[in-house]
């Protein structure tokens, strides 16, 4: 059975999709950017946007009863890959301290944000 979650603690989906899907012990999140869930405001700079984006990923995981240590795969999209990879990576390393999930980081044409992240996690046994 698949469970789809939309959380009031996250920015409203920008389209017809859920924040989180759970099935067979696996959890997938939608892609999250740095928008504040209450105000919609986006902080300035790649470091602040990376922190805010990971905050949103954490909120999504909490809605599924999980945390960052349960993440096994991260996909990160950067608006300016060459310019922002190093500062993004510094924030990422500070936030993902317990586990080191596999990760793909790509350059993407994002809409008015510098970073977007989605993750795959597993539920603890």
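For the condition part of a loop (DSSP other than H, G, I, E, B), crowded, with 18+ Cβ neighbours inside 10 Å, touching a residue at least 12 places away in the same chain (Cβ under 8 Å) and under 15 Å from the mean Cα position of the chain (by Cα), residue 110 does not qualify.
Rundown of residues vs (1) closer than 18 Å to residue 89 by Cβ; (2) touching a helix residue (DSSP H, G or I) at 6+ places or on another chain (Cβ under 7 Å), yes/no style:
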| position | (1), (2) |
| --- | --- |
| 29 | no, yes |
| 34 | yes, yes |
| 40 | no, no |
| 46 | yes, yes |
| 53 | yes, no |
| 60 | no, no |
| 71 | yes, no |
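From the list 113, 117, the one residue that fits, being at pLDDT 95 or above and under 15 Å from residue 20 (Cα atoms), is 117.
Yes/no matrix, rows are residues, columns are (1) surrounded by 11 or more Cβ atoms within 10 Å (Cβ to Cβ); (2) within 23 Å of residue 69 (Cβ to Cβ); (3) in contact with a strand residue (DSSP E or B) (Cβ under 7 Å, 6 or more places away or on another chain):
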{"site": "3", "(1), (2), (3)": "yes, yes, yes"}
{"site": "10", "(1), (2), (3)": "yes, yes, no"}
{"site": "24", "(1), (2), (3)": "no, yes, no"}
{"site": "27", "(1), (2), (3)": "yes, yes, yes"}
{"site": "49", "(1), (2), (3)": "yes, yes, yes"}
{"site": "52", "(1), (2), (3)": "yes, yes, no"}
{"site": "57", "(1), (2), (3)": "yes, yes, yes"}
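Taken over the stretch 62-75, the criterion of being touching a residue at least 24 places away in the same chain (Cβ under 8 Å) and more than 9 Å from the chain's Cα centre (by Cα) is satisfied by 62, 63, 64, 65, 66, 68, 69, 70, 71, 72, 73. Taking the criterion of being out of contact with any helix residue (DSSP H, G or I) (no Cβ under 8 Å at 6 or more places or on another chain) and within 15 Å of residue 118 (Cβ to Cβ), the residues of the stretch 75-102 that qualify are 75, 77, 101, 102. For the structure I just gave you, tell me whether residue 96 is surrounded by 12 or more Cβ atoms within 10 Å (Cβ to Cβ), farther than 22 Å from residue 20 by Cβ, in contact (Cβ under 8 Å) with a residue 24 or more places away in the chain and within 15 Å of the chain's Cα centre (by Cα). Spelling it out, it is not the case that residue 96 is surrounded by 12 or more Cβ atoms within 10 Å (Cβ to Cβ), farther than 22 Å from residue 20 by Cβ, in contact (Cβ under 8 Å) with a residue 24 or more places away in the chain and within 15 Å of the chain's Cα centre (by Cα). Among the numbered conditions (1) assigned to a loop (DSSP other than H, G, I, E, B); (2) at pLDDT 95 or above; (3) exposed (fewer than 15 other Cβ atoms within 10 Å of the Cβ); (4) at negative phi, the only one that residue 65 does not meet is (4).
The values are calculated or read from the model by the stated rules, or taken from the named source; none is laboratory data. Just so it is clear, the structure is predicted and the values come from calculations on it, not from any experiment. Reconstructed Cβ throughout: ideal geometry from the backbone, glycine too, with neighbour counts over all protein chains shown.
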